[in-house]
Amino acid sequence: MDYAADLSFLFLNSTRIVFGAGSSGDVALELRGLGCSKALVVTDRLLNEKTDIVKRIAASLGDACAGTFCDVPADSGVHVVNAGAKLGRARGADSVISIGGGSVIDTAKGIAILLREGGSLLDYQGFQVLTRAQTPHISIPTTAGTGSEVTYVAVVKDHDAKRKLLFGDHHIIPNVAILDPTLTVGLPPLLTAATGVDAFSHGLEAVTSAQREPIADALGLHAMRLIMTHLPAAVKNGSDLTARGQMLIAATLGGAAFSNAQVGLIHAIAHVIGARHGVHHGMANAIAMPHVLRFNNDAVADRHRLVAEAMGLDVRGMSDEAAGLAAADAVCSFTRELGLPGSFREAGVPESDLPACAEAALADGAIVYNAKPVTDAAEVLGVLTAAWRGAE
Ligand SMILES: [Fe+2]
């Protein structure tokens, strides 16, 4: 946990967090608290048509619901954000309420920008491009994973270029996050596992990142502890409200941690594998994680010891290097026991595309913050090849 005397960092978490079973019923109150009266609800078709979640929240909003945009796919795109903003503008929306997983919340962040600034989402790519507060946004996550409800980042795909675009700006952090465990009980076991492991990877990468700092450490390590205890329970019994609630908290902690300390090579790989081969973000993280831990171990073994301890491993008497390798092995068994695939081969990624994936990962923004500097595509290819083969 050592930091040098010249440590300097900026930590920001501006989101008002409301937690509790049934707390989504308070959405109208929260909207009024933001001084808004006409919200565009942003969600996906599954939630809109197969559950009563969206209808219940829209009903509690009454006249304050300007309309529902439910065309957000699992892998949202620039054109989706543009279409959502068009509807919001036509209905005179003064705010957005996102109900869904990371793709929905990130889409709503994009819509919030366009409702304030106009133009196309492509105009606002990059980091800290915006100069003023954006359209007020209440996020209501229905998965416990991305942490997008408290982060300054949105990932939106450019389907034409087959690339995931990153938008990073403190002005797109949602104003309010409503964490209601009753909304995640319907999430199937495999998605519960994949999204939960995404949250774990946020804690892990925040704690090991080149931009690590003590506040993010506290959040990231506690996120990992909660996930080790509660994710298996949530996967086993989706109706376990305690496990669901603690997972929502863990995802938010992980989000606040990485929104400040950033993520690294695990995410660089997951972004590329997701964009090029459609592998679920959490699954790609699960597969990449142990191999990136082994790759980074010589640079941050002391940090990996903290990860091992947060995972509940007894590493007393072990060197940092051995503790780090034990953490990598434990991450591998943890994700396999949750039912997630153990290799990119198993996930359907063709081996022939690995060199191109390595080049693309090297160009991904997340790699800049990896625990140890990565400048050569051959290094990434080594990690990708190990992850493609899986555990020996
Ligand atoms: Fe992630």
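Please give the contour-minus-distance gain from Leu166 to Lys372: 0.36 nm per residue of separation, less the Cα-Cα distance, rounded to one decimal in nm.
72.0 nm
What residues qualify as long-range amide H neighbours of Val96, i.e. H under 5 Å apart, gap of 5 or more or another chain, H built at 1.01 Å from N?
When sequence neighbours closer than 5 places are left aside, the close amide H contacts are Leu40, His137, Ile138.
On a straight-distance basis, which aspartates and glutamates could pair with Lys236 in a cross-link, Cα separation under 19 angstrom, same-chain partners fewer than 8 positions away excluded?
Answer for Lys236, where 19 Å is the Cα cut-off: Asp198, Glu337, listed by chain and number.
When only C-alpha pairs under 8 Å and at least 6 residues apart count, what is the relative contact order of region 1-110, in percent?
Here the relative contact order equals 31 percent.
Tell me, how many Å apart are the Cα centres for region 306-322 and for region 219-257?
The distance from the Cα centre of region 306-322 to that of region 219-257 comes to 21 Å.
Rounded to the nearest 0.05, what FRET efficiency is calculated for Glu379 and Leu12 with R0 set to 30 Å and r the Cβ-Cβ distance?
0.40
Hey, what angle do you get for helix 214-236 against the long axis of the chain, alpha-carbon based, 0 to 90 degrees rounded to 10?
For 214-236 against the chain, the angle is about 80 degrees.
Let me know the charge dipole size of the chain about its Cα centre in debye, to the nearest 20, where only the beta-carbon of Lys, Arg (+1) and Asp, Glu (-1) is charged.
The calculated dipole for the chain is roughly 1040 debye.
Go ahead and run the numbers for FRET between Lys55 and Ala233, Cβ-Cβ distance against an R0 of 22 Å, rounding to 0.05.
0.15
Please list 3J(HN,Hα) in residue order for region 27-42, calculated via the Karplus relation 6.51 cos²θ - 1.76 cosθ + 1.60 where θ = phi - 60°; whole Hz, with x for glycine and proline.
4, 5, 4, 5, 5, 4, x, 8, x, 10, 9, 9, 9, 8, 8, 10
Nearest 500 deg cm²/dmol is fine: what mean residue ellipticity at 222 nm does the chain get from its DSSP H runs of n ≥ 4 alone, each adding -39,500 (n - 2.57), divided by its residue count?
Helix-only estimate at 222 nm: -16500 deg cm²/dmol.
How big is region 184-229 by the Kirkwood estimate over distinct Cα pairs, in Å?
11.2
Calculate one ³J(HN,Hα) per residue across region 239-255 by plugging θ = phi - 60° into the Karplus curve 6.51 cos²θ - 1.76 cosθ + 1.60, and present them in order as whole Hz with x for glycine and proline.
Couplings: 8, 6, 5, 5, 4, 4, x, 5, 5, 4, 5, 4, 5, 5, 4, x, x Hz.
In whole angstrom, and with the biggest value first, how far do the Cα coordinates of region 209-318 range along each principal axis?
42, 41, 26
Positive end of the charge dipole of the chain (Lys, Arg +1 and Asp, Glu -1 on Cβ, about the Cα centre): tell me which of Ile140, Ala328, Ala83 has its Cα farthest that way.
Ala83
Note down the accessible area of His222, probe 1.4 Å, to the nearest 10 Å².
Accessible surface of His222 is approximately 80 Å².
Of Glu309, Glu49, which has the most accessible area and how do the rest follow, probe 1.4 Å?
Per-residue accessible area, sorted high to low, gives Glu49, Glu309.
Quick one: angle between helix 265-277 and the longest Cα principal axis of the chain, in degrees between 0 and 90, rounded to 10, please.
On a 0 to 90 degree scale, this one is about 60.
In debye, nearest 20: dipole of region 140-211 around its Cα centre with unit charges on the Cβ of K, R (+) and D, E (-)?
Charge dipole of region 140-211: 200 debye, to the nearest 20.
Equivalent ellipsoid semi-axes for region 152-240, as square roots of 5 times the alpha carbon gyration tensor eigenvalues: give them largest first, rounded to whole Å.
25, 20, 14
Quick one: if you stick a label point 7 Å off each Cα along the C-beta vector at Ala133 and Glu351, how many nm between them?
5.6
Once you have all Cα-Cα distances for the chain, histogram them in 20 Å bins from zero and send the whole-percent values.
Reading the bins upward from 0: 31, 59, 11, 0.
Taking the alpha-carbon centroid of each part, what is the distance from region 69-128 to region 324-392 in angstrom?
Using only Cα atoms, the two centres lie 31 Å from each other.
The values are calculated or read from the model by the stated rules, or taken from the named source; none is laboratory data. The structure presented is a predicted model; accordingly, all values stated were derived computationally and were not measured. Here Cβ is always computed from backbone atoms with ideal geometry, including for glycine, and neighbour counts include all displayed protein chains. Calculation scope for accessible area: heavy atoms of the full protein, side chains included, ligands and nucleic acids excluded. Shrake-Rupley method; radii C 1.70, N 1.55, O 1.52, S 1.80 Å.
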